[in-house]
Structure formats: C-alpha cells, structure tokens
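Okay, structure first, notes after.
The values are calculated or read from the model by the stated rules, or taken from the named source; none is laboratory data. These numbers were taken from a predicted model, which means no experiment stands behind them. With ideal geometry, Cβ positions are generated from the backbone for all residues, glycine too; neighbour counts draw on all protein chains shown. Side chains included, ligands, DNA and RNA excluded: accessible areas come from the protein's heavy atoms. Shrake-Rupley method; radii C 1.70, N 1.55, O 1.52, S 1.80 Å.
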Amino acid sequence: MELVLPDLNMAFDDVGHGQPLLLIHGFPLNREMWKPQIEALSAHARVIAPDLRGHGETPPTPGPYTMEMLADDCLALLKALEIMERVVVCGLSMGGYVSLAFYRRHPERVAGLVLVSTRAAADTPEGKINRDRAAEQAREEGPQAIVAAMLSKILSPHTYSQNPGLVAGVERIMAKTSLEGMIAALQGMKERADSTDLLGQIKVPTLIIHGADDQIIAIREAEAMHRAIKNAQLVILPHAGHLPNLEQAQLFNKCLLEFIKKIGLDK
Ligand code: MLT
C-alpha cells in the first residue's frame, strides 16, 4: 500500500487486527525484512510495517534523515491510518534508533518497546568517520558497494554456512535501497543523539532482542540497555547475527508474540 503523507509517498504493509504493532526496519533494508513477522503475527495483532524514506518502495527525499524525522514519518502514518491507540514499537538497528526517538518524542503513543540488534549510544568519533567513508564509497562505487560490505558481516557464521537462500534474500532486499536514501540515512545516523539518558525514563514494557553472533552491534550494547531500562527483558538468540528476526524467525516470533500478549493482558 502507499499513502501520501505531507511530503512523502510512504509505502507500507498494514495487515491484521488488534493491538497495533509498528515494525521499523534497519539500514539499508526495507519492510520486506519483516516478512516472517508479518505472516506470523498478523493473526494476533495489527502489523504496520513502513518503508522509511529512500528505502524499499518509499522514494528518497533530500537528506539527512534524522532519527526524529523518521520517527515523525511513522507517527504521520499511524495518524493517517487513524490509529489513535498506543502501539507496540519494534525497531531493528537503525529502526531501534528510530524507535528510541519515537519514544522520546511521543511516549504517550507507545504501549511497549522492542529493541532489536540496536544500541542507545550515539556514534563514536571513529563511527562518524566511518559513516562519511561509507557515504563517499556509495557515491563513488554505487550503493552495491555498501550492500556488499554489509552483506559480509550482517549474518551469523551459522547462517552463511547453513542458509545460502537467506543470504541471497537479504542481498536482494538491500539492493532496493536508493543511493540518495543510503547517503541520507548514513548522515542521519551519524548525527543521531545519544539516547542513554532516555533509558532510565522508559516506563513501558520493553523487550530487547539480540543475536549471539551479531558482528555489527556488540551484545554489550543490549546488556547496557537491559541494565538501564527498568524491568526490561533481554533475550539473546543463538546462531543469529544482526538479523535475528530472519535468522531465528520462529524463536523471534515466539518472544514477540508473548510480549504482545502480555501487553494485552496488562491493559
Ligand atoms: C542497521 O542495521 O540499521 C545499521 O547497521 C545500523 C548502524 O549502522 O548503526
């Protein structure tokens, strides 16, 4: 589906009924990465999965895409869909940065947070230099250079050896990111605020999921969020890298479903 928001034709899926669940994808991915979740969870919840600006089927706009801008795009989508009740916000990696920005700006809209393969900290000085290098490389060699670099480390060793179909599928999804979208997202992530102080203020149930073999964001980042967010639950999934929702889809769905059901019971 596609919806015209104030300055954006936003592509999204909206499947199922009940507790709204907003799925925010990572970089340089799109909503296709949530296919196993959309299929399994739409029997229990209303699953809304947008393509962020410049990713998948949502066209690029001039950057940088700040995490706040991307969070507000998600809110605009919820409003356009007339979803006024509180939503479970689930974001992976960059989607997690957007989820934290969403909570910072619109806490009254959030029923629960699911932070997957992500971190609260801002980029380190070295991380910022790497963002510029990646943007430069994308400009010079094309977006496929970034896709190749990400593809070499985004999954667990187990997935690379046992599931070549998934490796090829992830490459296909990443290949849909436009050059402009890629550069604008890199700039936005480079500039993003440190959310560490926010963690102690989170008052909604929070589930943190991380792959045991994540080579992009270290497990210690998930553990730090777990310590700082009151009553948060931490799940480490075995044989999973940066995309545990795809690498361990069944286990991931089970955790997410239990979390959503608990939120329903707590209401
Ligand atoms: C992502 O998966 O969204 C990115 O790897 C996050 C990042 O580069 O910080």
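Points to keep in mind about this one:
- Selection of trypsin sites (Lys or Arg not before Pro), region 159-211, meeting DSSP coil and at most 14 other Cβ within 10 Å: Lys203
- Taking every Cα-Cα distance in the chain and sorting them into 10 Å bins starting at zero, the pair-distance distribution P(r) comes out as 7, 33, 40, 18, 1, 0 percent.
- DSSP bridge analysis restricted to the chain gives an antiparallel fraction near 25%, rounded to the nearest 5.
- The value obtained for region 171-247, namely the Cα convex hull volume divided by the number of residues, is 119 Å³ per residue.
- What a 1.4 Å probe finds exposed on the chain is 53% carbon and sulfur by accessible area, rounded to a whole percent.
- When shorter helices are ignored and each DSSP H run of at least 4 residues is given -39500 (n - 2.57), the per-residue value for the chain at 222 nm works out to -14000 deg cm²/dmol.
- Cut-off under 5 Å, modelled amide H: who pairs with Leu237 long-range: His210, Gly211, Ala212
- Choice from Ala80, Ala185, Ala111 with maximal GNM fluctuation in the chain (Cα, 10 Å cutoff): Ala80
- Distance from the alpha carbon centroid of region 11-29 to that of region 40-117 works out to 8 angstrom.
- Residue by residue, region 96-107 carries 3J(HN,Hα) couplings of x, 4, 5, 4, 5, 5, 4, 5, 4, 8, 9, x Hz when phi is fed to the Karplus relation 6.51 cos²θ - 1.76 cosθ + 1.60 (θ = phi - 60°); x denotes Gly or Pro.
- DSSP-loop GluC sites (Glu not before Pro) across region 80-124, with at most 12 other Cβ within 10 angstrom: Glu82, Glu85
- Accessible area per residue for region 143-192, computed on protein heavy atoms with a 1.4 Å probe, is 44 Å².
- Modelled label reach - Arg172, point 7 Å along Cα→Cβ, region 23-61 residues with backbone N closer than 17 Å: 29-39, 56-57
- Measuring against 26 Å, Cα to Cα, the residue pairs Lys79/Lys128; Lys128/Lys254; Lys128/Lys153; Lys203/Lys261 contain Lys79/Lys128; Lys128/Lys254 as the ones spanning a longer distance.
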